[in-house]
Amino acid sequence: MPSFSSPKSTAWRRVAVVAATTVAAAAGAVPVLADVASAQGAVPPAASVAPAAPPVPRVTLHRAVATERGFDANAWWIQSPDGLILIDALMLRSDARALVAALKSTGKPLRAVFITHAHADHFGGLSTIRAAYPGVPIVATRATAQGMREVHDQGMVPNGWLRAFGSEYDSAFVAPDRIVSSGDTLRLAGVTLIVRDYGPVESHNNSVIQVPELKALFTGDATVHGASFYVGPIDAKRALTALPQILADHPGEVTAYAGHYGPRPLDRSVADNLDQVRRLHAITALVGSDPGNRTANGDLTLAAKRQVLLLVALEAAGRADYGVGAVGFARYQLPATIAAFVADSARRTSPMTKAVRDAMRPLLFMAGHYDNGDITVGLGGLYLDATVESKSGHRYQLMFSYDHAQQRYRVVSRDQISGLLDVFVGAREADGSLLVSNLEPGTHYLDASGAKVFNRMRFSPKEDGTWVWRVESGRGDGVWTDPFEQTMRRRALR
Ligand SMILES: [Zn+2]
């Protein structure tokens, strides 16, 4: 399988045509050429000298990638001796024109276009494609077809969001003319395709298309690999049930080909996406569980929303972001996520869970991305997860948690080289610092002479938003020496 490592690299800036048989174009303007998948398995990347022509697979899979302005969207197409089947249509005219040029270069007829979901970055290019292939059937579920109309109309109103694209967005709307239902099996260009509909997930409606011959599942935006998972505007918790259902419906070795970024085994994509969605809800639960962060009608206060926005952006940082930046992406995530929390918060939270969240919230001053590591909100909003590198190059994983029974904080630290665990115990001080030590029976270091060495750590918030991490050593006699301090400053987020 060829590398899809960096969708941000220049090679992918323009529409990249991934074609199985047109390796000769590698020297031309088309930036990347490689096999994606074929019914006869993976073929090695194009070599400049081919000793013998490999057997030409009967069915091959190809990819066209939109520009960043087109949200890095994918259009996938399947090629068989009988023609082409296109899955999704990109958005901008220029991206769609490049896609059409790639399709035309095959010399094969286009048999159908599937639209997986009702987002303009996946259907806006339909008019360009229809003009190039008059009469080609446009296939979608009824709910996706309806959603497309709504999204298009919303974009077309004065100052609608599509206005930003000017003449690059086509005001001519092309409606699907072949409506399919969940469970339908279609035979097109000699290829079998199975459609399944999962209702609203990250769009009004999300459907997926399975091609058993390629062990492929075209997931639209119902999964994503390497990027942040968008929970959509409708119901930010739907993904928590829809994703496991998609996996259960497609067992075995299946590769997910998503609407953005590269392919990945379906099970791994689902696991990663679920984890992201759970973390998103954990952040909101942690911030929202403070009555001081709620308005009279139960909504989050503006300050609390800002805090959620920052924490969600921290989660998104480092992943591909559809060209909108981590903060921009967090803005998309927020409304539905907060609405889901507000709707949910009538449900009773156990007093212990509430107590733990109340204890963890004051430690949020540490959450962030730093030059030497990351600190993020753990699942359920019940702990903080940290991965940090010390001055000496050791990497540690730390979990900050609260022991409700003993009413004390615990910081578990695992040295990734030695595997040794340290358990620090302590409390918050009047100035907001967390002070913990590993004096209690448990783990401790030994120095070269075999003497016990204990550590004490203090995490102190500062007015300017930075905080100080101080580590000292001792012999267990109350005397602390060798202080080492570092000021932790968050890296800026885009
Ligand atoms: Zn999309």
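Taken together, the values in this text are just the output of simple stated rules run on the coordinates, not laboratory data. Everything quoted here is computed from the prediction, not taken from an experiment. No Cβ is skipped: glycine too gets one built from the backbone with ideal geometry, and neighbour counts run over all protein chains shown.
Output the peptides 146-154, 175-183 sorted from most to least packed, where packing is the average of other Cβ atoms within 10 Å over each peptide's residues.
Working: 146-154: 17.8, 175-183: 14.9.
Order by mean packing, descending: 146-154, 175-183.
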Margin query: Placing +1 on the Cβ of each Lys and Arg and -1 on the Cβ of each Asp and Glu in the range 365-488, which of Met488, Val412, Gly368 has its Cα farthest towards the positive end of the resulting dipole?
Written below: Val412
Notebook entry, point to check: Distance from the Cα centre of the range 157-177 to that of the range 388-431, in angstrom?
Noted result: 52 Å
Next item on the list: Calculate the translational D of the range 222-356 in whole µm² s⁻¹ from Stokes-Einstein, where the hydrodynamic radius comes from the Kirkwood formula applied to all Cα pairs, the temperature is 10 °C and the viscosity 1.306 mPa s.
Entry: 101 µm²/s
Checklist line | For the range 162-230, the fraction of alpha-carbon pairs in successive 10 Å shells from zero, as % | finding: 16, 35, 34, 13, 0
Item checked: At q = 0.15, 0.16, 0.21 Å⁻¹, base-10 log of I(q)/I(0) for the range 72-160 (Debye sum, equal scatterers on each alpha carbon) -> -0.53, -0.60, -0.99
Note to self: I need the GluC sites (Glu not before Pro) found in the range 414-494, filtered to DSSP loop residues with at most 10 other beta carbons within 10 Å of theirs.
What the structure shows: Glu463
Check: If only Cα atoms are counted, what is the Rg of the chain, and what is its Dmax, in Å?
Finding: 26.3, 85
Check: Size of the dipole of the range 365-488 about the Cα centre, Lys and Arg at +1 and Asp and Glu at -1 on the beta carbon, nothing else charged, in debye to 20?
Finding: 240 debye
Next item on the list: Return the Cα extents of the range 214-264 along principal axes one, two and three, sorted largest first, each rounded to a whole Å.
Entry: 32, 23, 13
Check: In whole percent, what relative contact order does the chain give with Cα contacts below 8 Å and a gap of six or more residues?
Finding: 8 percent
Item checked: the range 184-234-the range 465-494 distance, computed between alpha-carbon centres (Å) -> 48 Å
Notebook entry, point to check: What is the log10 of I(q)/I(0) for the range 98-205, computed with the Debye formula using one identical point scatterer on each Cα and no solvent, at q = 0.13, 0.19 Å⁻¹?
Noted result: -0.52, -1.04
Check: Taking Cα centroids, how far is the range 133-147 from the range 314-339 in Å?
Finding: 29 Å
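Under 1.5 on a/c is rounded, so check that first for the range 287-428, then, if it is not, pick prolate when a/b is larger than b/c and oblate when it is not; a ≥ b ≥ c are the square roots of the alpha carbon gyration tensor eigenvalues.
Here the range 287-428 falls in the oblate category.
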Check: Where nothing but the Cβ of Lys and Arg (+1) and of Asp and Glu (-1) is charged, how large is the charge dipole of the chain around its Cα centre, in debye to the nearest 20?
Finding: 520 debye
Check: What percentages, rounded to whole numbers, describe P(r) for the range 278-347 computed over all alpha carbon pairs with 5 Å bin width beginning at zero?
Finding: 3, 18, 30, 24, 13, 7, 3, 0
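Grab the DSSP H runs of the chain that are 4 residues or longer, score each as -39,500 (n - 2.57), total them, divide by all residues and round the 222 nm result to the nearest 500 deg cm²/dmol.
So the helix-based figure for the chain works out to -7500 deg cm²/dmol.
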Notebook entry, point to check: For the range 365-488, what value does the Rg/Rh ratio take when both radii are computed over Cα atoms and Rh is the Kirkwood radius, given to two decimals?
Noted result: 0.94
